[in-house]
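*Asks:* Please read through the structure below; I'll follow up with questions.
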Amino acid sequence: MTRRDLWPAVEQLLASVERPARYIDREWAACHDEDAAYRAVLIYPDTYEIGQANQAIAILYGILNALPDTAAERCYLPWLDMSGRMRETGVPLFSLESCTPVADFDLVGITIPYELTYSNILETLDLAGIPLRAEHRTDEHPLVIGGGPSAFNPEPVAPFFDAVLIGEGEEAVGDIVAAHRSAKAEGLSRAQTLARLASVPGVYVPALYEPVLDADGRFLAMQVVEGAPAVVTKRVVRDLDAVRAPVDAIVPFMDVVHDRFGLEVLRGCTRGCRFCQAGMVYRPVRERTADTIVRDVMAGLACTGYDEVSLTSLSTTDHSQLEEVLRRLGRRMQGTGVSISLPSLRVDAFGVEMARLVSAGGKKSGLTFAPEAGTQRMRDVINKNVTEEDLLGSVQRAFEAGWRRVKLYFMIGLPTETDEDIRGIGDLVGKVFRVAREATPPQQRGGLRVAVSVSTFVPKVQTPFQWDEQIGFDEIRRRQSVLRDSMPRKGVELHWHDPEVSFLEGVMARGGREVADAVELAWRNGAVFDAWTERYSLSRWRDAFAETGIDATAIANRERALDEPLPWSHISAGVSARYLMRERERALSGTTTPDCSFDGCTACDACGDLGVDIVLGGASRG
Amino acid sequence: MAEGEFRLRVAYRKGGRLRWLSHLEVIHTLERSIRRAGLSYAITHGFSPHMKAAFGPALPVGTAGENEYLDVWVTRYTSAQETLAALKASTPADMAPFAACYVAEKEPSLTAAITIAAYRCDVAGKESTTREVQAALDSVVSAGSLSVEHKGKTKVFDLARSLPKEVRVTDREDGCSVELTVRMGPQGSLRPELLVREALRAASLSAAVTHTTRTDTLIELDEGVWARPM
């Protein structure tokens, strides 16, 4: 096929849209290989400034472009002004690097980042001119493959993908490309190609799995086509140091979120917080060694020219060599104006000490802690192993060291929560404020700020709370008012998560394949960019659920029996159902479980089933 | 100038697709180029230390530039040519620096010094002749003033002052080019494509401005005597 270059048509549109830098490519380190035999486009289904910093895309982009005869390009969802102009002028969705129509690629990879982007996935396919549903695609169409954090329950978007990769992509992406290329070389049909893809470990081909529902529309079982695996288990990389970090990351022109060089210093987290999906699905913990981190940070800064590096992970202050890393980096960056940032802090003396190390001599912009719950009872239920003493001690140290702003994250609606637990949040915030005030010299107390962000708990699949109910609107509003009444009036900024948004998250998080009909209808009725507050409309989604006969409340707000068939049980993140049930029991009895990276094995079954080990400071702990 | 700091002036262009960048995006891009090039840039000593650099007057989104300038202070003296080569190798091609030299610390800042800008506006379409476009512009200029609406505010430009040189229209392959020189002031500068658009509109010509390029940014040494900043 001759390559179609849409740039002349695209450039015509730029004068009439906001932020044309979203669409122009040519950033530093963007790869251009228009003549490769096999071409993939990696799409983040949100705007450029949201998606550009995504590390998974950066990693896969680097790996694919290093494969022989293979090129990977990027694409983001155009903002409404641009997509409107594109539809008016007949310009389909295009890749950035070569401005090729997305539909002309061999492989279209779409990130499934979180529940509120599902309508964007349909918008992406539609703008590209690719049939929304896999079953309507022919040999002429590219393979559409999804993957990412929300793939652990892919069902609400499963009909829109030819295949979904479960888990980590570093090694799987090469296997997928090899399988697809061999299928093309052999002239296999689309159905045959999908069957071959299903034999790649970690690849889920929805067409080979048929949900069986009862007369009331409840999920009974998944019927699996012969030859496809009964359970698709996530891919996982054994050794993070063996995987090349994207040190030559693309450097955007425009301001984007996370506009800095990011290096993943460890993957996984075994603290075992029971509400946390990431902590369950990215096991086990695998650290990069201090030497690799220092080498890659210095290389990354030299390649990109950024003035800030972020050491990313689910829990960076848990890295066993963090102090050494920060001291070494601090010495090398002295006098360069380059700063280091840590995404989240452990609630203890060590956490504050690490924050002090990275801010040495520079500005102290504010610290963030996540106690998550207000009483020790509630924190024991969710296995957040943080005490009031830890938190107040950390706040005291931070304010004595010169910080004047602290941000606290809490959740309401957790299983077993009572009004006493909610009032506990207000009490705890009051104590934090008083400790912060006392640790601040009187003349500086005017600048003291305690920000409190309270989200509503959304039960996620593959966690011990996957069977639990999400509280309904009226109850959320009631508990929010209990919380408001218990909050100190002075010096505290309180932020809520919108309960209407949490509801949609809840439905998408645990919905089955039938929910896809509602996703499609909501999109047809105008849902897109639902994560952008001003664009979100609950009534549009409610109408879509009603019209497609979906009882959304029964998905989000209902507790399931432990023996109820779950629409996502053919997908495995490694942790066993047995472990999740045991953890749920311990939660209900208020029993905590230690962190298996530092204490004994807690038998989540991830290491054994996945054939991997915890890796700390370069050494495996089998 | 702090002891051991050298003020390096760099000329660069903003062209191709990068004309769609905003001034802030250009600044960030060049600062990152400077770091990638490994220049020994000086750091400000404020609350939030950052690279000591200063840029010439802003170019709007969509407008290209052929002679744009920045000053960066370095702490190690290396030959300007060597530094230029390193910078070129670490900057996106459409923003490539093409000249560099050291300037004295006592020289005024680029934003204070540069008060004259030369532009070329490409007008597309053969349906209006070069002569018609020239006449349209002459007619608007002879009216003496132009009021421009921008973000809800009306600004009136005295064209005799804003246009210190005659506006010239020349032929090109697919239409014509309007060459004009604008005097920049603290109250804002006349955007050349707005003048050309107004001229085309007033003369009922259907041609449209497709590309605007700032071809030069100049220092006024004496009334009517202009020079490049390096």
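*Asks:* Given contacts defined as C-alpha pairs under 8 Å and at least six residues apart, what's the relative contact order of the stretch B:6-107, whole-number percent? It would help to have the intermediate numbers written out before the result.
*Replies:* Working: 179 pairs, mean separation 49.5, N = 102.
For the stretch B:6-107, the relative contact order is 49 percent.
*Asks:* Report, in whole Å, the centroid distance computed from the Cα atoms of the stretch B:161-222 and the stretch A:403-478.
*Replies:* If we compute the Cα centre of each part, the gap is 58 Å.
*Asks:* Ranking A:Ser339, B:Ser139 by Cβ neighbours within 10 Å, fewest first, what do you get? Provide the component values of the computation, followed by the final result.
*Replies:* Numbers: A:Ser339 21, B:Ser139 12.
Result, fewest neighbours first: B:Ser139, A:Ser339.
*Asks:* Next up: Which of rounded, prolate, oblate describes the stretch A:236-277, given a ≥ b ≥ c as roots of the alpha-carbon gyration tensor eigenvalues and a/c under 1.5 marking rounded, otherwise prolate only if a/b is larger than b/c? Before the final figure, lay out each step's value.
*Replies:* Numbers: a/c = 3.84, a/b = 1.49, b/c = 2.58.
Taking the square roots of the gyration eigenvalues as a ≥ b ≥ c, the stretch A:236-277 is oblate.
*Asks:* Given charges of +1 on the Cβ of Lys and Arg and -1 on the Cβ of Asp and Glu, with all other atoms neutral, how large is the dipole of chain A about its Cα centre, in debye to the nearest 20? Working shown, then result.
*Replies:* Values: 69 positive and 89 negative charges, 420 e Å.
With Lys and Arg at +1 and Asp and Glu at -1, about 2020 debye.
*Asks:* For the stretch A:7-208, how big is Rg over Rh, using alpha carbon atoms and the Kirkwood form of Rh?
*Replies:* Values: Rg = 15.9 Å, Rh = 16.9 Å.
Rounded to two decimals, Rg over Rh is 0.94.
*Asks:* Too long at a 32 Å Cα-Cα cut-off: which of B:Lys126/B:Lys153; A:Lys364/A:Lys490; A:Lys234/A:Lys384; A:Lys407/B:Lys151; B:Lys126/B:Lys165?
*Replies:* Numbers: B:Lys126/B:Lys153 34 Å; A:Lys364/A:Lys490 22 Å; A:Lys234/A:Lys384 26 Å; A:Lys407/B:Lys151 37 Å; B:Lys126/B:Lys165 26 Å.
Too far apart for the 32 Å limit: B:Lys126/B:Lys153; A:Lys407/B:Lys151.
*Asks:* Quote to one decimal, in nm, the extra length available between A:Arg218 and A:Glu585 on full extension: 0.36 nm per residue of separation minus the C-alpha distance between them.
*Replies:* Values: separation 367, 0.36 × 367 = 132.12 nm, distance 2.52 nm.
Length gained between A:Arg218 and A:Glu585: 129.6 nm.
*Asks:* Just counting partner chain Cβ atoms within 10 Å, what average do the residues of peptide A:253-261 show around their Cβ? Can you show the working numbers first?
*Replies:* On the way: counts 13, 7, 4, 0, 0, 0, 1, 0, 0.
Average neighbour count from other chains, rounded to a whole number: 3.
*Asks:* May I pose another question? Which Cys in the protein assembly as shown stand alone, with every other cysteine's Cβ at 4.7 Å or more from theirs?
*Replies:* Lacking a cysteine Cβ partner under 4.7 Å: A:Cys31, A:Cys75, A:Cys99, A:Cys269, A:Cys303, A:Cys596, A:Cys601, A:Cys604, A:Cys607, B:Cys101, B:Cys121, B:Cys176.
*Asks:* With chain B treated as a Gaussian network of Cα nodes joined by springs under 10 Å, which of B:Glu107, B:Glu220, B:Glu198 yields the largest mean-square fluctuation?
*Replies:* Sorting by GNM fluctuation, first place goes to B:Glu107.
*Asks:* Taking chain B as a Gaussian network, Cα atoms linked when under 10 Å apart, which of B:Tyr102, B:Tyr12, B:Tyr69 shows the biggest mean-square fluctuation?
*Replies:* Most flexible of the set in this elastic network: B:Tyr102.
*Asks:* May I ask for the Kirkwood hydrodynamic radius of the stretch B:6-107, worked out over all distinct Cα pairs and given in angstroms to one decimal?
*Replies:* On the way: mean 1/r = 0.0729 Å⁻¹.
About 13.7 Å, per the Kirkwood formula over Cα pairs.
*Asks:* If you build a Gaussian network model of chain B, linking Cα atoms that sit under 10 Å apart, which residue out of B:Lys126, B:Lys165, B:Lys153 swings the most?
*Replies:* Of B:Lys126, B:Lys165, B:Lys153, the most mobile in the Gaussian network model is B:Lys153.
*Asks:* Quick one: which residues, 5 or more positions from A:Thr312 or on another chain, have an amide H under 5 Å from its amide H? H modelled 1.01 Å from N in the peptide plane, none for Pro or chain starts.
*Replies:* It is A:Leu263, A:Glu264, A:Val265, by chain and number.
*Asks:* Let me make sure I get this right: for the stretch A:28-72, a, b and c are the square roots of the gyration tensor eigenvalues over alpha carbons, sorted descending. Under 1.5 in a/c it's rounded, otherwise prolate if a/b > b/c, else oblate. Which is it?
*Replies:* Values: a/c = 2.13, a/b = 1.99, b/c = 1.07.
Judged from the Cα gyration tensor, the stretch A:28-72 comes out prolate (a/c at least 1.5, a/b above b/c).
*Asks:* Report the FRET efficiency, 1/(1 + (r/R0)^6), for A:Phe350 and B:Thr78, where r is their Cβ-Cβ distance and R0 is 30 Å, rounded to 0.05.
*Replies:* Values: r = 43 Å, r/R0 = 1.43.
Efficiency, from the Cβ-Cβ distance: 0.10.
*Asks:* Let me ask another. Show me, for the stretch A:538-544, the HN-Hα J-couplings you get by feeding each phi into the Karplus relation (A = 6.51, B = -1.76, C = 1.60, θ = phi - 60°), rounded to Hz, glycine and proline as x.
*Replies:* Each residue of the stretch A:538-544 in turn: 5, 5, 4, 6, 4, 4, 5 Hz.
*Asks:* Using the 10 angstrom Cβ neighbour count as an exposure proxy, how do A:Ile50, A:Ile166 rank, fewest first?
*Replies:* Numbers: A:Ile50 20, A:Ile166 25.
Fewest to most other Cβ atoms nearby, the residues stand as A:Ile50, A:Ile166.
*Asks:* What is the dipole size for the stretch A:527-622, taken about its Cα centre, with +1 at each Lys and Arg Cβ and -1 at each Asp and Glu Cβ, in debye to the nearest 20? It would help to have the intermediate numbers written out before the result.
*Replies:* Working: 10 positive and 15 negative charges, 17 e Å.
Magnitude of the dipole: close to 80 debye.
*Asks:* Amide H of A:Leu566 versus every other amide H placed in the peptide plane: which residues, excluding those fewer than 5 positions away on the same chain, fall under 5 Å?
*Replies:* none
*Asks:* Related question: Report for the protein assembly as shown the percent antiparallel among DSSP-assigned beta bridges with both residues inside it, nearest 5. Could the numbers behind the result be given before it?
*Replies:* Details: 66 of 116 bridges.
Antiparallel: roughly 55 percent of the beta bridges in the protein assembly as shown.
*Asks:* By the scheme Lys and Arg +1, Asp and Glu -1, what is the net charge of all other residues having a beta-carbon under 11 Å from that of B:Val61? Before the final figure, lay out the partial values.
*Replies:* On the way: positive: A:Arg19, B:Lys14, B:Arg19; negative: A:Glu18, B:Glu25.
Every neighbour counted, the sum reads +1.
*Asks:* Can you classify the stretch A:455-582 as rounded, prolate or oblate using the Cα gyration tensor, where a ≥ b ≥ c are the square roots of its eigenvalues, rounded means a/c under 1.5, and otherwise it's prolate if a/b beats b/c and oblate if not? Before the final figure, lay out the partial values.
*Replies:* Working: a/c = 2.11, a/b = 1.16, b/c = 1.81.
Taking the square roots of the gyration eigenvalues as a ≥ b ≥ c, the stretch A:455-582 is oblate.
*Asks:* For the stretch B:113-227, give the magnitude of the charge dipole about the Cα centre (Cβ charges: +1 Lys/Arg, -1 Asp/Glu; no others), in debye to the nearest 20. Intermediate values should be presented prior to the final figure.
*Replies:* Details: 15 positive and 17 negative charges, 84 e Å.
The calculation lands at about 400 debye.
*Asks:* Given the options A:Pro567, A:Thr591, A:Cys607, identify the residue whose Cα lies farthest towards the positive end of the charge dipole of the stretch A:567-609 (+1 on Cβ of Lys, Arg; -1 on Cβ of Asp, Glu).
*Replies:* Projecting each Cα onto the dipole axis, the largest value belongs to A:Pro567.
*Asks:* Taking each residue in B:14-20, count the Cβ atoms of any other chain within 10 Å of its Cβ, then average. What number comes out?
*Replies:* Working: counts 0, 0, 2, 11, 5, 4, 13.
Shielding by partners across B:14-20 averages 5.
*Asks:* Can I ask one more? Would you kindly derive the ³J(HN,Hα) couplings of the stretch A:210-226 from the backbone phi angles with the Karplus curve 6.51 cos²θ - 1.76 cosθ + 1.60 (θ = phi - 60°), listing them in order in whole Hz, with x for Gly and Pro?
*Replies:* Listing the rounded values in order: 10, x, 10, 10, 8, 4, 8, x, 7, 5, 10, 6, 10, 8, 10, 5, 4 Hz.
*Asks:* Let me ask something else. Could you work out the local net charge near A:Asp468, counting Lys and Arg as +1, Asp and Glu as -1, over the other residues with Cβ closer than 9 Å to its Cβ?
*Replies:* Net charge in that neighbourhood comes out at 0.
*Asks:* Using all C-alpha to C-alpha distances in the stretch A:182-265, build P(r) with 5 Å bins and read off the rounded percent in each one.
*Replies:* Bin by bin from 0 Å, the calculated values are 3, 11, 13, 11, 11, 11, 12, 13, 10, 4, 1.
*Asks:* Would you please give the residues with an amide H less than 5 Å from that of B:Gly65, counting only those at least 5 places away or on a separate chain, with H modeled from the backbone geometry?
*Replies:* Counting only residues 5 or more places away or on other chains, the set is B:Lys14, B:Gly15, B:Arg214.
*Asks:* When Lys and Arg each count +1 and Asp and Glu each count -1, what net charge do the other residues less than 14 Å away from A:Val225, Cβ to Cβ, add up to? Don't skip to the answer; put the middle values down first.
*Replies:* Working: positive: A:Arg196; negative: A:Glu135, A:Glu210, A:Glu226.
Spelling it out: positives minus negatives among the neighbours equals -2.
*Asks:* Whole-Hz Karplus ³J(HN,Hα) for the stretch A:140-145, in order, using 6.51 cos²θ - 1.76 cosθ + 1.60 and θ = phi - 60°, x for Gly and Pro?
*Replies:* My calculation for the stretch A:140-145 gives 6, 8, x, 6, 10, 10 Hz in order.
*Asks:* Run the numbers for B:Ala160 and B:Ala227: contour at 0.36 nm per residue of separation, minus the present Cα-Cα distance, in nm.
*Replies:* Details: separation 67, 0.36 × 67 = 24.12 nm, distance 2.09 nm.
Separation in residues times 0.36 nm, less the Cα-Cα distance, equals 22.0 nm.
*Asks:* Next up: Round to the nearest 0.05 the FRET efficiency obtained for A:Ala278 and B:Asp138 when R0 = 56 Å and r is the Cβ-Cβ distance.
*Replies:* Details: r = 67 Å, r/R0 = 1.21.
For R0 = 56 Å, the calculated efficiency reads 0.25.
*Asks:* On the Cα set of the protein assembly as shown, report Rg and Dmax in Å, please.
*Replies:* Cα radius of gyration and Dmax of the protein assembly as shown are 29.7, 90 Å respectively.
Values in this text are rule-based calculations from the coordinates and carry no lab data. Just so we're clear, the structure is a prediction, and the values are computed from it rather than from any experiment. Positions of Cβ are backbone-derived with ideal geometry, glycine not excepted, and every protein chain shown enters the neighbour counts.
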